[in-house]
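Heads up, the thing below is written out as structure tokens.
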Amino acid sequence: MRAVAAVLLTLAATAGCASGGGPAHGVPGAASAGAPTAGAASAGPTPAGASAPGSAPAGSPAAATVMICAEEIREEIAGALGTAPRSPLSPHWDGHVYWCAYDYGGGRSMRLSVEELPDRPTAASRFGRLRAAAAGSRTVRGLGDAAFARGDGSAVALRDRMVLTVDVSRLPAVFGTPPRPRAGVALTVATTVTICWKEH
């Protein structure tokens, strides 16, 4: 746990984004976060595109949401992992979930998604259900308003009315340059995203 915390604190001190949108909600919108520390808990599989009960925000995704597939974060993630995706990102938006896949070839990929909910209480409720449905997970402290790491290493973070998921289930057990555990990849990416949200 201490090793994960040290890595993430280092990332928080060095990561930055060249450009981006300003904070707000709706279209555009944003969020912010800090640097995480992992601990024991319980949670599990998070279908990134699963629907949440209640009405979802209409229209375009928030500016902070769009950032997960934008060039500046793509470059930040490539720098943090020492590995760049092999093809352009292709974002998708279904009305409340925005996502894209970072394809590294050879069947290796990572999916980033943001689920937008109507308000903070609804988002917190959604996050709570995802965490309760998961198994073999760890609480992650200092990332967004709340966060956990799933048993497969993927990271889920709550921030304002958004739920960020970094799904690394299709990455090998060790990935990046230098190589790191899959769970470390997810937390590094989630931290990079939330730092960029905070800066903008």
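Numbers at a glance
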| quantity | calculated |
| --- | --- |
| Spatial separation of Cα centroids for the stretch 183-200 and the stretch 67-105, in angstrom | 12 Å |
| Formal net charge of residues neighbouring A186 (Cβ-Cβ distance under 13 Å; K, R +1; D, E -1) | +4 |
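Throughout, read-outs are computed from the coordinates displayed, never taken from laboratory work. Just so it is clear, the structure is predicted and the values come from calculations on it, not from any experiment. Note that we place each Cβ from the backbone using ideal geometry, even for glycine, and neighbour counts take in every protein chain shown.
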